[in-house]
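Visitor: Following this message is one structure expressed as structure tokens.
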């Protein structure tokens with residue numbers, strides 16, 4: 001028996017930007033908030049014996065583990081950044097885990113990854129290892145499309161969800177992802 005679970009990851013990205021301690025430096029790094037897009041897995045169907053992971057790549061493609069199915073595409077996280085100077089180097093780190101909630105039940109996001117400039121399938125990006133750990137280093141480009149962070153994630157589906165519903169990180173019990181950018 002299939003049950004419908006709608007998993008919308010309305011990730012409230014929490015951002016931290018650290019700048020050079022240099023009074024002469026006047027080109028701060030900024031996130032372009034009105035262009036950011038949260039990760040969305042779209043509608044996922046599951047059986048009571050579901051036991052696999054659900055991965056969304058930074059290219060928006062979705063793969064389903066045993067007992068899960070869906071349309072095969074969703075929306076990758078998109079975080080455009082601006083500012084700084086062309087040629088500046090930035091280090092990007094992010095939390096590796098988050099929690100989806102429907103206000104009662106939770107589902108863990110067990111892995112996240114990022115890539116710059118264009119999306120790739122899950123497993124091909126830079127794994128997020130926590131804030132301040134194993135950064136992705138990027139050189140700011142004059143081409144704005146090269147300065148976009150794309151993010152993918154893995155839902156740990158090792159056990160079927162308790163209930164069908166709308167799960168996201170902003171419901172009670174949810175935990176958001178954090179992205180940190182440090183200007184070198």
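The values are calculated or read from the model by the stated rules, or taken from the named source; none is laboratory data. Quick caveat, the model's predicted, so the values are computed rather than measured. Ideal geometry is used to build each Cβ from the backbone, glycine not excepted, and the neighbour counts take in all protein chains shown.
Visitor: From the set of residues in region 83-111 that are within 19 Å of the chain's Cα centre (by Cα) and over 19 Å from residue 161 (Cα atoms), which is surrounded by the most Cβ atoms within 10 Å (Cβ to Cβ)?
Guide: 94
Visitor: Now a separate question. Can you pull out every residue in region 135-151 that is surrounded by 13 or more Cβ atoms within 10 Å (Cβ to Cβ) and assigned to a loop (DSSP other than H, G, I, E, B)?
Guide: Within region 135-151, 135, 140, 141 meet the criteria.
Visitor: Go through region 48-77 and give me each residue that's free of Cβ contacts under 8 Å to residues at least 24 places away in the same chain and surrounded by fewer than 18 Cβ atoms within 10 Å (Cβ to Cβ).
Guide: Passing the criteria: 66, 72.
Visitor: Given the criterion more than 16 Å from residue 156 (Cβ to Cβ) and modelled with pLDDT under 90, identify the matching residue among 44, 16.
Guide: Within the list 44, 16, the selection yields 16.
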